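Values in this text are rule-based calculations from the coordinates and carry no lab data. What you are looking at is a predicted structure, and each value in this text was computed from that prediction instead of being measured. We place every Cβ from the backbone using ideal geometry, glycine too, and count neighbours over all the protein chains shown.
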Amino acid sequence: MATFLQLLLSGILIGSVYALMSIGLTLIFGVLRIVNFAHGEFLMIAMYGAWAITHLLGLNPYAAAIAIVPAMFLFGGLVYLLIVRPALDKPHLVVVFATMALSIFLQNAALMAMTADLRDIPPIFAHSLTIGPIYVKVELLLGFIITLICTVGLQWIIKRTYLGKAIRATVQDGEAAMLMGIPVPRIFLITFAAGSALVGLAACVMVPLFSVFPSVGLNFVLIAFVIVVLGGMGSIEGALLGGFCVGVIQSLSGYYVAPAFGQLFFFVLFLLVMIFRPNGLLGQQGAATVGMND
Amino acid sequence: MRRLLRLSALFAGLVLASPITARAQEPIKIGVLLPFTGPLAKNGIENWEAMQIARDMINERGGINGRKIVYVQGDATTPNAAISETERLINREGIKITTGSFASPIAIAVSQAAERNGAFHWETTGAAEIITRRGFKNTFQVGAPARKYGQAAVDFVLNDVAKRLNKPAGNLKIALLWENRAFGKSVGDGIRAYAQTKGLKLAFDDGYDQTATDMTPIVQKLKDVGPDVLIAISFPNDAILFQRKAKELDFNVGAFVGVSAGYSAADLRDSIGDSVVGIFVADFPPKVNANVLKPEIRKVADEFYKRYEAKLKRPPAGHAAAGFSAIWALFTDVLPKAKTFQPEELRDIALKLDLPEGSLVNGSGIKFTNFDWAEDPKDAGQNLRASIGVWQWTKQGNEQVYPPSLATHEAVMVPMPKWNAR
Amino acid sequence: MSIILDANAPKGGIPKLPQRGQVSWFEIILLLACIGVVASGVAHGLMDVIVLSFLFAGLALAWNIAGGYAGLISFGHSAFFGVGAFTSTILLTRHDLSPWIGIWIGALIAAAFGSILAIICARLRGPFFILSTLAFAEVVRIIALNWASLTGGPEGLSIPPTSSLADMVFASKSVYAALMLGYLVVVYGITKGLEASRFGYYLFAIRDNEDAAAAAGVNPLAGRAAAMALSAALTGIGGSLFAQYFLYLDPTYLISPELSFQFALLPAVGGLGTAIGPVLGSFLITPLSELLRSYFGSAAAGLHLVIYSLGLLGVMLYFPSGLAGALNKLTRRRPFS
């Protein structure tokens, strides 16, 4: 029983970190309806940044978020203006491939700049916490707490502020939103930049847990995509729920079946959800059957 | 008359000298196929640095009979890219000698492309057994095949660790964890088979997905088994994740034996700090008991280590030292004897090599099979004298602990202290 | 995206792109040029690039049937590629069945996989569809990787490199180039035939306005399944040919998202939904990536991919209708797709 609880708890904790890394993506998905294939590389860049600040200034990575989050906001905005916006009024595949090209570019620019060496930060907390027979890694717990705070905070913004309302309107129907006077292009920009900023926050949480190297994004990008679609495009609680599902499934299937299958089980879960609840677990009705806006 | 003699001597000298000097200036081109980009890039580039040092050192010593060595690179980032690049080097650059490849899947692909296009392939580190078992004539695997890694680990555990743990070898609970790619699976298969011949049953035997981001289920399963010894085959990223998770969940073993790439990376210490001390690694020796090496080789080894550390600010990992060893052997024991540098000639020279242990920088010898190996008549080009030992991470660096002939120090910290004591 | 055929466009000048279902002079000249290059062996040193360009042109065309014509943007086609490749190779190495026959069996199995995917994704559109195809391919990959007794696991499968016509292994690259060209021509022919056929029009209708198509009596699910099955079968054949050329199969790299992207990228660059587009895309991108790697691969790790990706970015942003679209603009004909 203790084993099962340990697996469950670890799955939820790591799942929250996965969710944090995916919240930005689901916002971008929901508002702009585009797939950002460079998402893993945004994470990688932010992780390098967090590592660099920690390594050079001796701060801890959570403090580094003060610099990384705004920096990623600007980075996201820049990418949006230079690459995404010109691609938006073209056939949908253009954005897909443009972001893919960006992904290759960022991976290899990082390789040229930082070499392929793994970068790590020294452990922050010497020991894990114990709750009875269950171990809890402090950095994971912090990640969980930060994710929850972030989710609640975002929900507040979405439900209580004008910006949030504008975003919700754009998610529901971009054209109608424009007719209502919402500056949809600016919403796009803000959302893309904010989504990137959230990735920056996730990176700060992840740097104590994972090594950084140019192709690290590849290990996470598929997980992020699955979480976003599983949870429902544009739904923040959906991303959280999706993250928990993925984390727990990975944990339980690795133990009770075999670790060699890796990501098989949550991909299968993903496909099952797509068959029976194609809008995702918490997505809006009809989202999956709505085509691309071109 | 004397003037005529002098003139004809001069003329003869010119006639004889010109083609020789012309050839002496013509460099020897060697194709180097390594993963320079992609997830394997880190170790690929380390191998490359080691090979470059070898080239510089041999050229400073006058090259091969006066001819300098020149490398032509191919970015073998995936097996199919490896095949394309190898073919490009052979067909478009006219290369007849190839080397590489660090990783097993790349090595399998490169050697096949070389064989198919008529080039001589000198594989430095790729370990998968299948490399030499396909009936190829021109593939020579200088480094140890996968099963030797496993055998070294198992032998070390049975002959050394068992005593220190005060348990008879037959009673030891041995766990095996392997990453689910060509190297991990190959070594894992070898360990399983070897353990069977020793009459041992593994208490735990599981593969895992190398891109895993959460090691909780694996560590939890291992905790359930409670092994005395864990033999783990991992690459750098997963090795770090595993160690961290083991610390988080307080998973302790009497002895931890990592196999190659992940655990022998020199910057593992940068990533997990002092937790690394006490871990054993079955891999190419990063440094050997200098008394084992012949004096000239000892000097070469010293120079290599000096240059590598000067350039990369850390000592070479085992596989980089192995890459240097292998290519140096090519430069000093094979190429100088060649006249035409055609693959058939190089093959003959290679097959005649009979170098005892201690002849190469990393302590290995060379004796290749030629379809005459009792265990597999289709096997050719395997180096029966490639040595894999076991070394241990220490506070200052590392020490070779097994086999005794190569050891620079005794194994310590067995049983390994628990996490809260480290 | 509208379907307009402009029969009264001005003629003459730069080679024009063909109308739907018809073969233009441009295509005939291109075909003759390809045959000429292969037969004369003039670019002998580049023959490996040529082989790959032909093969990937065929694969791009196969993808285009689902992606360009039926609107099923799939990033999972490497699953079909791998299924075809492994099927014919397993039949060859373990059951001594000639790949000339094994290829068709591989195609059938790939077609089955394609139909299954289409049915799984029956209700999905847009990014949901794309990611489901990705997930599907990953599931296939992980199963292939772990089913070592069938696929050789991570060590993969090798085909012995002894030349034999019956085993479809050749010593000469020119023969492979001819084989791949044959594949390209066949897939091209099927594509062209599709364009002019009723089934093709069903696909276009489903792609452009599914509800209207359904209202007009077209069965969207059947259409999508058939398109995906055909596309998968042709991709599977390409996979078998790939296996016969490289003689080494490794599931990790064969059934990878990177390869799936490539199948979609080439038609996108060349011009989706046209027949000549995927061919142009492959003829541009395949040699480019190979040559970039050759020339810049040694300068600094990663440099060739930096250049490649920047180039790709430029092409995507400035030629959104692909090369075919750009050529259309040059000849001042309205694109027909």
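Numbers at a glance
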{"read-out": "Selected from A:V138, A:V216, A:V35 as most flexible by GNM, with chain A as the system and alpha-carbon contacts under 10 Å", "value": "A:V138"}
{"read-out": "Cut-off under 5 Å, modelled amide H: who pairs with B:S387 long-range", "value": "B:S364, B:G365"}
{"read-out": "Ellipsoid equivalent to the stretch A:21-217 - semi-axes via the Cα gyration tensor, in Å", "value": "31, 22, 13"}
{"read-out": "Whole-Hz ³J(HN,Hα) from phi, Karplus 6.51 cos²θ - 1.76 cosθ + 1.60, for the stretch A:48-56, glycine and proline x", "value": "4, x, 4, 4, 4, 5, 4, 5, 7"}
{"read-out": "Kirkwood-based shape ratio for the stretch C:25-256, expressed as Rg/Rh from alpha carbons", "value": "1.00"}
{"read-out": "Computed [θ] at 222 nm, deg cm²/dmol, chain B (DSSP H ≥ 4; -39,500 (n - 2.57); rounded to nearest 500)", "value": "-12500 deg cm²/dmol"}
{"read-out": "Reachable aspartates and glutamates, given that their alpha-carbon falls under 16 Å from the alpha-carbon of C:K192 and they are not under 8 places away in the same chain", "value": "C:E27"}
{"read-out": "11 Å beta-carbon shell around A:A98, net charge (K/R +1, D/E -1)", "value": "+2"}
{"read-out": "Among C:L266, C:L312, C:L327: highest mean-square fluctuation, GNM of chain C, C-alpha pairs under 10 Å", "value": "C:L312"}
{"read-out": "Interchain or long-range residues, amide H under 5 Å from B:W178's placed H", "value": "B:D206, B:G207, B:Y208, B:I233"}
{"read-out": "Contact order relative to length of chain A, as percent, for alpha carbon pairs under 8 angstrom and 6 or more apart", "value": "38 percent"}
{"read-out": "Inter-centroid distance (Cα atoms) of the stretch B:90-147 relative to the stretch A:82-144, Å", "value": "35 Å"}
{"read-out": "Karplus-derived 3J(HN,Hα), 6.51/-1.76/1.60, for each residue of the stretch C:190-197, Hz, glycine and proline x", "value": "4, 4, 4, x, 4, 4, 8, 9"}
{"read-out": "18 Å Cα-Cα threshold exceeded, pairs from B:K287/B:K313; B:K29/B:K337; B:K148/B:K185; B:K68/B:K311; B:K223/B:K247", "value": "B:K68/B:K311"}
{"read-out": "Reachable lysines, given that their alpha-carbon falls under 22 Å from the alpha-carbon of A:K90 and they are not under 8 places away in the same chain", "value": "C:K329"}
{"read-out": "Computed [θ] at 222 nm, deg cm²/dmol, chain A (DSSP H ≥ 4; -39,500 (n - 2.57); rounded to nearest 500)", "value": "-24000 deg cm²/dmol"}
{"read-out": "Table column - 3J(HN,Hα) (Hz), the stretch B:64-76, Karplus curve with 6.51, -1.76, 1.60, x for Gly and Pro", "value": "9, 6, x, 9, 7, 8, 10, 9, 10, 8, x, 7, 9"}
{"read-out": "Computed over chain C: relative contact order in percent, which uses C-alpha pairs under 8 Å that are six or more apart", "value": "32 percent"}
{"read-out": "Net charge, B:E60 excluded, C-beta distance under 12 Å - Lys, Arg +1, Asp, Glu -1", "value": "+2"}
{"read-out": "Per-residue average of Cβ from other chains inside 10 Å of B:37-47", "value": "6"}
{"read-out": "Counted charge near C:Y318, where neighbours are those whose Cβ lies closer than 15 Å (Asp, Glu -1; Lys, Arg +1)", "value": "+2"}
{"read-out": "Amide H partners (placed H, <5 Å) of B:E123, local residues excluded", "value": "B:F140, B:Q141, B:V142"}
{"read-out": "Estimated 222 nm signal from helices in chain C, with DSSP H stretches of n ≥ 4 weighted -39500 (n - 2.57), rounded to 500", "value": "-23000 deg cm²/dmol"}
{"read-out": "Potential lengthening between C:S163 and C:H95 on full extension [0.36 nm per residue; Cα-Cα distance subtracted]", "value": "22.7 nm"}
{"read-out": "Rg/Rg_ref, chain B, where Rg_ref = 2.2 N^0.38 Å and atoms are Cα", "value": "1.06"}
{"read-out": "Where Rh is the Kirkwood radius over Cα pairs, Rg/Rh for the protein assembly as shown", "value": "0.98"}
{"read-out": "Relative contact order (percent, whole number), the stretch B:104-243, Cα cutoff 8 Å, 6+ residue spacing", "value": "22 percent"}
